[in-house]
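To start, the structure under review is shown below, and the notes come after it.
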Amino acid sequence: GQPTEWWRSAVIYQVYVRSFADGDGDGTGDLAGVRARLPYLAELGVDALWFNPWYLSPMKDGGYDVADYRAIDPAFGTLAEAEKLIAEARELGIRTIVDIVPNHVSDQHPWFRAALRAGPGSAERELFHFRPGRGEHGELPPNDWPSQFVGSAELVWTRLPDGDWYLHLFTPQQPDLNWAHPVVRQEHEDILRFWFERGVAGVRIDSAALLAKDPELPDLADRPGPPHPFVDRDELHDVYRSWRAVADEYDAVFVGEVWLPDTERFARYLRPDELHTAFNFSFLSCPWDAERLRTSIDTTLAEHAPVGAPATWVLCNHDVTRTVTRYGRADTGFDFAAKAFGTPTDLALGTRRARAAALLTLALPGAVYVYQGEELGLPEADIPRDRIEDPMHFRSGGTDPGRDGCRVPLPWAAGAPYAGFGSHQEPWLPQPADWASYAVDRQAGDPGSMLSLYREAIRIRPVFGDGPLMWLPAPEGVLAFARAGGSLCVVNLADAPADLPEHTRLLLASGPLDPEGRLPKDTAVWLLG
Ligand code: TEU
């Protein structure tokens, strides 16, 4: 394709519909709320929107338990509204990316309801992973696999009254599909076409490395791999090659959610006949440390170059502790298994670093995802225990805070009820007492706000062009690089202030320079070379 394909250097905004904006006042975000805020998104300057699942769902995992891909959940609106939203956004030059969750469906999906009724040994159960149990009376689970929701001791099998067990890597409400079955494969290609025909420009693929399982479903203890019995199996790539053929008919793109630390294996998903790109979670998980960040960036660019895929940078999403909070802690990295209640946090420090990280990320070659509220500098919220909804919390036996803290309904207007989220009643998750101080109408007029920084950075970001990055000599703890267009980015993570390169003009700074015009710690600048 042409070198200037939009998705190679796009800024893409993640919309978690439930918490973006409430258009009908019922306490839950919806498509009407998004449509009303399209001017805000256009002013932010984003190229596309990625919507977390908006389909019919019992909402047992925030919509990642899909009951019908061809229907919008009534809490969010209607299919007609979704089509209008896609068209209205496109009018503003904003493309739409939807979320597909191929690893599993909801236990309320018609396929699973039919499988329950049809009983053991039925063809309906072939679409999933049903097995008799082990032990004298089949009372033991078919194997020893651990749940994907970290910290949960529970296995990934649930037994039915008729004696069969069924597999679910996530919650029991999310039965895993059998990707060796031709009907499963055909249905998902039909789902892709359904949304591509409605003007969707791309698809985010959920849990993209998990779909294929060893058909024998062997114990992990016996067969740890490689190949692993259910992670990163080779059969996956046949699926993505067939999906790529469909996407190419519509000039649509894929972004994979591939949590895979092995960079060589990760790059296999990005081959020219597979996914266009995948989120770079190594960078997201990397601590706020100059050498670690530089290594992460170099590794990413090196792994993407041979396959010609652009990197996709991301600092947070609906699963990850918010950046402002993460960077204000002793451990500034991210690990699902390391989340705990009450971790000491310095929000002023975290915010300073998040501002610098925004300029670093937006200056790198590739695409960047901005998670709703990141542009407002929202911190991770402490959700009262009795209001927590996320199954990850409950499946961890209550030790993991879960992910609701990064999913709190957005603040739009400081003086309005519920910070202007749009509800006439308490929103589905409670907002912290200081939430109004982060409101859009409070930040829009403030040149020093996070919102102003993101708006200005996205506006002038094209100055970097879409050429490669060249590291510049810099003192320890300082990241400095130039892009082919001649512009530079310098980030100081060292204690001592850093001198700015000679013969450059300041374009944008994440914070004030010191009285001698030097770059203070945890501050970034963009310079014109
Ligand atoms: O998250 C995927 C996920 O949580 C696992 O892949 C995990 O991150 C990985 O194994 C590292 O431990 C996606 C969605 O983003 C999340 O919101 C859903 O809850 C989950 O899939 C199930 O659909």
(message) Rounded to the nearest 5, what % of DSSP beta bridges with both residues in the chain are antiparallel?
(response) 55 percent
(request) Determine the percent antiparallel among the DSSP beta bridges restricted to the stretch 1-122, to the nearest 5. (result) 20 percent
(request) Translational diffusion coefficient, Stokes-Einstein: compute it for the stretch 192-291 using the Kirkwood radius over C-alpha pairs as Rh, at 20 °C and 1.002 mPa s, and state it as an integer in µm² s⁻¹. (result) 144 µm²/s
(request) Using only protein heavy atoms and a 1.4 Å probe, report how much of GLU197 is accessible, in Å² to the nearest 10. (result) 120 Å²
(request) Using only the C-alpha atoms of the stretch 73-194, find the volume of their convex hull and express it per residue in Å³. (result) 145 Å³
(message) Per residue, how big is the convex hull of the stretch 444-523 when only Cα atoms are used? Give it in Å³.
(response) 100 Å³
(request) Based on alpha-carbon positions alone, could you give the equivalent ellipsoid semi-axes of the stretch 233-312 from the gyration tensor, as √(5λ), descending, whole Å? (result) 25, 12, 10
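What is the mean projected area of the alpha carbon convex hull for the chain, to one decimal in square nanometres?
Computing the convex hull of the Cα atoms and averaging its projections yields 24.2 nm².
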(request) Sort LYS521, LYS60 from largest to smallest accessible area, using a 1.4 Å probe on the heavy atoms of the protein chains. (result) LYS60, LYS521
(message) Please compute, over every Cα-Cα pair in the stretch 1-157, the percentage with a separation greater than 20 angstrom.
(response) 61 percent
(request) Give me the angle, in degrees from 0 to 90, between the Cα long axis of helix 450-460 and the longest principal axis of the Cα atoms of the chain, rounded to the nearest 10. (result) 80 degrees
(request) Mind ranking GLU189, GLU456, GLU216 by accessible surface for me, highest first, 1.4 Å probe? (result) GLU216, GLU456, GLU189
(request) Using 0.36 nm per residue of separation minus the Cα-Cα distance, give me the extension gain between GLU126 and ALA71 in nm, one decimal. (result) 17.3 nm
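Quick one: ranking ASP214, ASP495 by accessible area, 1.4 Å probe, largest first, what do you get?
The ranking, largest first, comes out as ASP495, ASP214.
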(request) Taking the convex hull of the Cα atoms, report for the stretch 83-155 its projected area averaged over all directions, in nm². (result) 8.2 nm²
(request) For the chain, with all protein chains present and a 1.4 Å probe, just round the carbon and sulfur fraction of the accessible area to a whole percent. (result) 53 percent
(request) May I ask for the angle, rounded to the nearest 10°, between helix 182-196 and the longest principal axis of the chain, with both axes built from Cα atoms and the value confined to 0 to 90°? (result) 40 degrees
(request) List the lysines whose Cα lies under 21 Å from the Cα of LYS521, skipping any in the same chain that are fewer than 8 positions away. (result) none
(message) Could you work out the percent of alpha carbon pairs in the stretch 328-483 separated by over 26 Å, rounded to a whole number?
(response) 39 percent
(request) Working from Cα positions, state the angle (0 to 90°, nearest 10) between the long axis of helix 290-304 and the longest principal axis of the chain. (result) 60 degrees
(request) Report the relative contact order of the chain, percent, no decimals, based on alpha-carbon pairs under 8 angstrom and at least 6 residues apart. (result) 13 percent
(message) Not counting ligands, DNA or RNA, and with a 1.4 Å probe, what is TYR240's accessible surface area in Å² rounded to the nearest 10?
(response) 0 Å²
(request) Under 13 Å from the Cβ of ASP298, count the other residues' Cβ atoms, weight Lys and Arg +1, Asp and Glu -1, and hand me the total. (result) 0
(request) Hey, can you find the accessible area per residue of the chain for me, probe 1.4 Å, expressed in square angstrom? (result) 38 Å²
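Hey, what's the Cα Rg ratio for the stretch 287-415 versus the globular rule of thumb, 2.2 N^0.38 Å?
1.14
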(request) Sort all Cα-Cα distances of the stretch 333-406 into consecutive 5 angstrom bins from zero, then give the percent of pairs in each bin up to the one containing the longest distance. (result) 3, 13, 21, 20, 19, 13, 8, 3, 0
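Rounded to the nearest whole Å³, what is the per residue volume of the convex hull around the Cα atoms of the stretch 371-454?
So the per-residue Cα hull volume is 91 Å³.
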(message) How large is the Kirkwood hydrodynamic radius of the stretch 479-519, counting all unique pairs of alpha carbons, in Å?
(response) 11.1 Å
(request) Add +1 for every Lys or Arg and -1 for every Asp or Glu among the other residues with Cβ under 10 Å from the Cβ of GLN174, and state the total. (result) -3
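The values are calculated or read from the model by the stated rules, or taken from the named source; none is laboratory data. Source: prediction; values computed, not measured. Neighbour counts are summed over all protein chains in view; Cβ atoms, including those assigned to glycine, are modelled from backbone coordinates with ideal geometry. Note: accessible area is taken over every heavy atom of the protein model, side chains too, but ligands, DNA and RNA are not part of it. Shrake-Rupley method; radii C 1.70, N 1.55, O 1.52, S 1.80 Å.
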